[in-house]
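Novice: After the structure tokens below, expect a handful of questions from me.
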Amino acid sequence: LLECSYTPLMQFTRLLRFAFDELGPLIVFWGTARFADLKTAIIVSTVWSIGQIAYKIYKKEKFTNFFKFSAVMTIVFGILDTWMTTPIFFKYEAVFTNIVTGIYFAMTLRSSKSVIQEWVEKKNGKPMENRNAILRCQILTLVWTQYFFAKAAYYCYVSSNYSIEEAMVIRSTVGTVSFYALLGVSVVFGKRILHFFQTRGLLPMYPEAS
């Protein structure tokens, strides 16, 4: 995924740190929900979002589109959760958030840069020019899009068949494990997966820049 000479473990550590910077509000929500109730997770992630925004403004860091999206979504859903008392909203909130995230990822595939390309360019501090790397980012963005939609479908099943408390435990466990598993696969095997499809003529192969 990253265009650098670091070992897979170093790449994963760097990307994990970078993902936390970009996905901080969502990761904090998932992590808090794993060990506390929904209201606590909402409050903690909302406070984190506001604090992270203030920190980035203080450091004069540029906001990526996805950070804006994740922060706004966390705050908006936090407000809705606080104001709304309808049980159906609590039961299916995770379904809604994953569908919205999947739609966002899919929409970036039709823009000039996929969301993963934007992340990598920010991390590397330079525009991406390697066409194979750009294609790899697009493929991984598509994979993550399908991941969010699949998780939304699974969460819908869980929410329909379990109590809110049971569903929260299942969602937080499955969501955390699957997220980090796919993140690891994206980092360690992303280039190999692309090469596999390219060598079989399923995807175009571009000459490497000299």
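Novice: Here is a list: 77, 90, 105. Which entry is closer than 21 Å to residue 186 by Cβ, hydrophobic (A, V, I, L, M, F, W, C) and in contact (Cβ under 8 Å) with a residue 12 or more places away in the chain?
Specialist: After applying the criteria, what remains is 105.
Novice: Would you check which residues across segment 97-129 are open to solvent by 30 Å² or more (accessible area, probe 1.4 Å) and aliphatic (A, V, I, L, M) and list them?
Specialist: Within segment 97-129, 99, 100, 103, 106, 107, 109 qualify.
Novice: Does segment 85-96 include one or more residues that are surrounded by fewer than 14 Cβ atoms within 10 Å (Cβ to Cβ) and of a type in the set (S, T, N, Q)?
Specialist: For segment 85-96, residues surrounded by fewer than 14 Cβ atoms within 10 Å (Cβ to Cβ) and of a type in the set (S, T, N, Q): present.
Novice: Related question: So, of the residues in segment 43-81 that are assigned to a loop (DSSP other than H, G, I, E, B) and under 17 Å from residue 119 (Cα atoms), which turns out to be least open to solvent (accessible area, probe 1.4 Å)?
Specialist: 64
Novice: Taking the residues in segment 114-132 that are modelled with pLDDT under 90 and outside any helix (DSSP H, G or I) as candidates, determine which candidate is farthest from residue 207 (Cα to Cα).
Specialist: Going through the qualifying residues, I end up with 125.
Novice: Among (1) under 18 Å from the mean Cα position of the chain (by Cα); (2) within 22 Å of residue 177 (Cα to Cα), which single condition is residue 68 missing?
Specialist: Result: residue 68 fails condition (2) only.
Novice: Same structure again: Please count how many residues of segment 1-42 are in contact with a Lys or Arg (Cβ under 9 Å, 6 or more places away or on another chain) and either open to solvent by less than 30 Å² (accessible area, probe 1.4 Å) or modelled with pLDDT of 75 or more (or both).
Specialist: Qualifying residue count, segment 1-42: 7.
Novice: Any residue in segment 158-186 that's closer than 14 Å to residue 98 by Cβ and open to solvent by less than 50 Å² (accessible area, probe 1.4 Å): show its pairings with residues that are in a helix (DSSP H, G or I) and polar (S, T, N, Q) at Cβ separation under 7 Å, as long as the two are six or more apart or on different chains.
Specialist: If the second residue must be in a helix (DSSP H, G or I) and polar (S, T, N, Q), the pairs left are 167/159.
Novice: Just to verify a result, which residue in segment 140-157, among those that are hydroxyl-bearing (Ser, Thr, Tyr) and open to solvent by less than 60 Å² (accessible area, probe 1.4 Å), is nearest to residue 189 (Cα to Cα)?
Specialist: Ranking the candidates gives 141 first.
Novice: Please go through (1) open to solvent by 20 Å² or more (accessible area, probe 1.4 Å); (2) in contact (Cβ under 8 Å) with a residue 12 or more places away in the chain for residue 133 and return the number of the only condition it doesn't satisfy.
Specialist: Going through (1) open to solvent by 20 Å² or more (accessible area, probe 1.4 Å); (2) in contact (Cβ under 8 Å) with a residue 12 or more places away in the chain one by one, residue 133 breaks only (1).
The values are calculated or read from the model by the stated rules, or taken from the named source; none is laboratory data. All of these numbers come straight from a predicted model, not from anything done at the bench. Positions of Cβ are backbone-derived with ideal geometry, glycine not excepted, and every protein chain shown enters the neighbour counts. Ligands, DNA and RNA are stripped out before the accessible areas are found, and what is left, the full protein with its side chains, is counted by its heavy atoms. Shrake-Rupley method; radii C 1.70, N 1.55, O 1.52, S 1.80 Å.
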